Amino acid sequence: MAIWDIASPLLGLLLLFHTWGAWAVVEVNMEDRVEVSRGETAQIACMFTTEEGIGAIDIMWFYTKPTGERQQIYYQDSTMKLVERGTQFTDRISVNGTGANGVVVLTINDVQLKDEREFICHIKSLTDGSGEGRTKLRVFETPNLPTIDATRTGISVSESGLSKIGVCEVKNGYPKPNVTWYRDNTPLHNVKDAVDMMSSTTTESSGLFSVKSELSLQVKKEDKDAEFYCEVNFFVPGETRMTETNRINITVHYPATAVRLWVESPKGEIKEGDSIEFHCSGNGNSPYTSFSITDERGVHNVDTYVMELHNVTRRDNGVYYCNSLDMETSEEISANTTVVVNFLDPAVVRPKDTAVLAHGKGLTATCNALSSLQTQTAWFKNGKEILKGHTLTLRNATFDTTGTYVCVVTVPDIKGMETSGTLQVNVKGPPEIKRPDNTEIEESVETSVHLSCSVRGFPVPIVNWTTSDGKVHESKSKPTEEGVQSEVSFKVTSDVTAVCNAFNEHGTDAVAFHIKAAIHTTTQATTTSTTLSSTTVKGATDIQKKPAGGNGVIIAVLIICLLLLAILGAVLYFLYKKGKICGRSGKQDLSKEKSNKDNIVVEMKSDNTEEAILLGVNGEKLSPSDQ
């Protein structure tokens with residue numbers, strides 16, 4: 001009885017636990033949010049537990065509209081998978097997994113800003129009820145690099161109120177980026193009547209955010225050397241990042257006590273053709289101070305602290321002044337600097353342009369250029385330096401002396417400052433043809449041959465081409481430094497000699513090219529096969545390929561051999577009938593039913609042995625005694 005009293009409560013608990021398990025609900029677990037950059041792929045996982053098998057659950061995906069209303073985008077059961085049509089996700093989603101392992105994943109391709117929604121995974125069981133989970137999809141877009149634009153005009157310390165320092169802007173970010181201003185690495189905050197940072201946000205047509213921030217300050221003298229910049233903080237999946245603009249300075253105006261004038265560019269020596277940029281600056285900078293830059297003659301008067309002179313010449317040499325006038329105190333301050341514009345005149349070559357020498361004669365040429373600085377001169381021929389100095393001396397002239405000589409005058413102290421002149425030297429003399437390496441040429445008939453002839457001499461030789469067949473061929477000539485280059489082309493029809501002839505008033509020269517016309521022929525081999533119907537000649541299949549002219553001889557020999565074999569067979573048969581061979585007598589065996597004379601056949605074997613075999617009426621071979 002006691003045992004039953006104990007067992008009854010335990011049995012009730014077991015029944016209760018069993019019933020509770022049958023009533024258990026579906027449990028769904030999902031991440032609070034999934035973060036992804038715009039244009040990438042998002043994956044939202046739905047993990048669930050249920051007592052039912054895969055065939056007893058329905059899987060549904062929804063997203064919430066801005067109004068809070070649900071919109072179904074996917075349905076799945078044991079028999080079907082269906083993507084809802086007509087939604088913003090119809091063509092971009094897929095669901096991975098069957099739910100057999102308790103996990104399904106919603107994949108969204110090419111995520112856009114409008115996809116930033118709450119997604120609901122709903123799991124429905126036939127017996128366990130249903131459950132759902134929610135995940136917020138967050139979309140991010142990295143903004144463009146921020147830009148900063150400083151105020152271009154100077155700001156006076158005497159101005160009342162705040163002055164605009166600059167504008168910082170960052171475009172096309174999502175979510176909205178944050179902008180912070182810095183002064184010398186110290187973050188700025190709004191301070192009444194001292195610092196004001198006013199920001200505005202623009203929503204672009206793409207849905208991205210652009211932020212513009214304007215900084216205004218009560219400027220002090222210390223701000224003349226301050227550096228201002230913006231720091232932009234923006235969001236990406238899983239973290240916050242930061243970038244900075246470049247640093248800017250502002251011009252602060254305050255009273256001056258001294259000024260300075262200098263040439264900002266070019267650095268170092270100035271040469272004709274340069275542009276000069278003058279800068280005038282004082283130790284103060286007041287909006288009531290005016291600057292003027294003049295030369296000693298009072299020209300180039302510019303009411304600014306920067307002046308440019310373009311394409312200067314030696315006439316721009318002189319003293320330049322910077323005058324600073326404070327209109328409040330009427331006090332004028334001045335500073336000056338001296339400008340020297342260096343020059344290099346064009347090179348002058350003597351003799352001018354061209355010199356003509358006789359063989360063996362000499363020449364002295366000079367090259368000079370007037371300059372404000374020390375110069376160096378060098379002579380070049382064919383791109384190679386041949387001499388340093390102003391004077392070029394040529395002795396015992398030959399054709400090798402002919403050519404263009406270039407003198408280059410440079411100013412070592414200023415890079416790129418140089419001038420040059422040329423002298424063409426020609427040496428008089430009869431034509432001289434450069435002998436080619438090969439004058440013996442072989443070419444196929446009906447092909448074109450191309451010949452070239454290089455001639456030097458002065459006056460420039462006239463060149464023509466002749467061939468041994470009496471023809472004069474049209475040629476192409478082009479001038480060279482030493483004379484002329486001539487080329488000719490013609491078709492080869494037979495052996496021929498082509499002659500390059502050059503002449504001028506001093507003489508002639510010629511060179512001959514011997515051209516051999518080559519004839520290339522191709523002979524095809526043929527094969528003749530002969531088939532013997534009743535007699536086979538051993539080795540007939542091994543006949544070598546012969547030229548076409550030898551095939552008739554072979555056929556004639558074969559026919560003669562066949563005729564001889566036929567005659568031999570007839571003779572053997574005749575002797576056999578007469579009993580003259582193989583011990584046969586003239587008498588026949590009368591015991592035979594028929595004479596064997598009508599049943600004899602001659603067979604010629606292919607091994608070149610001649611053997612006569614007598615066959616009986618029934619094709620039986622006769623013994624020697626019967627023959």
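The values are calculated or read from the model by the stated rules, or taken from the named source; none is laboratory data. Just so you know, these numbers come straight off a predicted model, no measurement behind them. Cβ coordinates were reconstructed from backbone atoms using ideal geometry, including for glycine residues, and neighbour counts include every protein chain displayed.
A few notes on this one:
- Within the stretch 123-135, residues that are more than 9 Å from Glu27 (Cβ to Cβ) and in the same structural domain as Val34 (by TED's automatic domain parsing) reach partners that are modelled with pLDDT of 90 or more and among the basic types (Lys, Arg) with beta carbons closer than 8 Å, at six or more positions or on different chains, in the pairs Ser130/Lys124; Thr135/Arg33.
- Within the stretch 268-309, the set of residues being closer than 23 Å to Thr419 by Cβ and out of contact with any strand residue (DSSP E or B) (no Cβ under 8 Å at 6 or more places or on another chain) comprises Gly268, Gly273.
- Failed criterion for Ala42 (all others in (1) among the small types (Gly, Ala, Ser); (2) at pLDDT below 90; (3) closer than 30 Å to Thr240 by Cα hold): (2)
- Among the conditions (1) in contact with an Asp or Glu (Cβ under 7 Å, 6 or more places away or on another chain); (2) β-branched (Val, Ile, Thr); (3) more than 25 Å from Pro237 (Cα to Cα), the only one that Thr153 does not satisfy is (1).
- Taking first residues from the stretch 84-109 that are in a loop (DSSP other than H, G, I, E, B) and partners that are among the polar types (S, T, N, Q), the Cβ contacts under 7 Å between residues at least 6 apart in sequence or on separate chains come to Glu84/Gln72; Glu84/Thr90; Thr87/Gln71; Arg92/Asn109; Gly102/Thr49; Asn109/Thr41.
- Condition check for Glu432: touching a residue at least 60 places away in the same chain (Cβ under 8 Å) and surrounded by fewer than 13 Cβ atoms within 10 Å (Cβ to Cβ): no
- Considering the conditions (1) of a type in the set (Ser, Thr, Tyr); (2) surrounded by 16 or more Cβ atoms within 10 Å (Cβ to Cβ); (3) in the same structural domain as Phe513 (by TED's automatic domain parsing), Thr419 is excluded by exactly one of them, (3).
- Scanning the stretch 498-514 for residues that are within 17 Å of Ser477 (Cα to Cα) and among the small types (Gly, Ala, Ser) gives Ala498, Ala502, Ala510.
- The listed residue being over 30 Å from Phe399 (Cβ atoms) and either in the same structural domain as Leu423 (by TED's automatic domain parsing) or at pLDDT below 90 (or both), out of Asp353, Asp326: Asp326
- For the stretch 104-141, taking the residues that are hydroxyl-bearing (Ser, Thr, Tyr) and at pLDDT 95 or above, the one that is surrounded by the most Cβ atoms within 10 Å (Cβ to Cβ) is identified as Thr135.
- A single member of Val460, Val409, Val427, Val449 is aliphatic (A, V, I, L, M), surrounded by 13 or more Cβ atoms within 10 Å (Cβ to Cβ), at pLDDT 90 or above and within 30 Å of Ile519 (Cβ to Cβ), and it is Val449.
- Residues of the stretch 126-159 classified as closer than 30 Å to Gln72 by Cα and over 55 Å from the mean Cα position of the chain (by Cα), total: 6
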